[in-house]
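Chemist: Sharing a structure here in structure tokens format.
The values are calculated or read from the model by the stated rules, or taken from the named source; none is laboratory data. Everything numeric in this text was worked out from a predicted model, so none of it was measured. Here the Cβ positions follow ideal geometry from the backbone for every residue, glycine too, while neighbour counts run over all protein chains shown. Ligands, DNA and RNA are excluded from the accessible area calculation, which covers all protein heavy atoms including side chains. Shrake-Rupley method; radii C 1.70, N 1.55, O 1.52, S 1.80 Å.
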Amino acid sequence: MDEALLRIKRAILAGSHRFTLKAAMEMDADRIDRSDVVESILEAGEIYKTVRSRSDLRISRSEKLYVIHSANWEGLSLYTKGKLIKDDDGRSVYVLISSKRSE
């Protein structure tokens, strides 16, 4: 299994994940909840793709985003996009930027 996916799954299992307002709004619009997203990521066999996001507004101008397409335990196919960050104690935290039904 990809090292990044392992780190993401470990962060999820440890409860070290956060949802941005955008992700929460997408989940509300699609009537999915946090457990659907968590199940989907835990079931993922691979990262669909990794993209670089660039912004002049961030201290680090580029960040790696992970796109995961996977189904939850009831077969609902979801699309998530997120990033791994370190918290103040050096632990990995997975920040979900987008969480919605796959189209």
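Chemist: Of 14, 50, 32, which is farthest towards the positive pole of the chain's charge dipole, taken about the Cα centre with +1 and -1 on the beta-carbons of Lys, Arg and Asp, Glu respectively?
Modeler: After comparing all options, I get 50.
Chemist: With a 1.4 Å probe and all protein chains kept in place, how do 94, 66, 48 rank by accessible area, largest first?
Modeler: 48, 66, 94
Chemist: With runs of 4+ DSSP H residues as the only contributors, calculate the mean residue ellipticity of the chain at 222 nm using -39,500 (n - 2.57) per run, divided by the residue total and rounded to the nearest 500.
Modeler: Only helices count here, giving -9000 deg cm²/dmol.
Chemist: Of all the accessible heavy-atom surface of segment 1-71, with the other protein chains kept in place and a 1.4 Å probe, what percent is carbon and sulfur?
Modeler: 49 percent
Chemist: Return one number: the angle in degrees, 0 to 90 and rounded to the nearest 10, between the long axis of the Cα atoms of helix 21-30 and the longest principal axis of the Cα atoms of the chain.
Modeler: It works out to around 10 degrees.
Chemist: Per residue, how many Å² of accessible area does segment 17-103 show with a 1.4 Å probe?
Modeler: Dividing the accessible area of segment 17-103 by its residue count gives 63 Å².
Chemist: Cα axis of helix 34-43 to longest principal axis of the chain: angle in degrees, 0 to 90, nearest 10?
Modeler: Roughly 80 degrees, rounded to the nearest 10.
Chemist: Then there's this: Considering only 92, 77, 53, give the residue with the highest GNM mean-square fluctuation for the chain, with springs between Cα atoms whenever their separation is below 10 Å.
Modeler: 53
Chemist: Also, quick follow-up: Just by accessible area at a 1.4 angstrom probe, what is the order of 86, 64 from largest to smallest?
Modeler: Per-residue accessible area, sorted high to low, gives 86, 64.
Chemist: Let me know the charge dipole size of the chain about its Cα centre in debye, to the nearest 20, where only the beta-carbon of Lys, Arg (+1) and Asp, Glu (-1) is charged.
Modeler: Its charge dipole is roughly 500 debye.
Chemist: What length, rounded to one decimal in nm, is gained on full extension from residue 35 through to residue 85, with 0.36 nm per residue of separation minus their alpha-carbon distance?
Modeler: 15.9 nm
Chemist: Provide Rg and Dmax in Å for segment 1-99, with only Cα atoms included in the calculation.
Modeler: 13.1, 40
Chemist: Under a plain spin-label model, where a point goes 7 Å from the Cα along Cα-to-Cβ, how far apart in nm are residue 51 and residue 103?
Modeler: In this crude spin-label approximation the distance works out to 1.3 nm.
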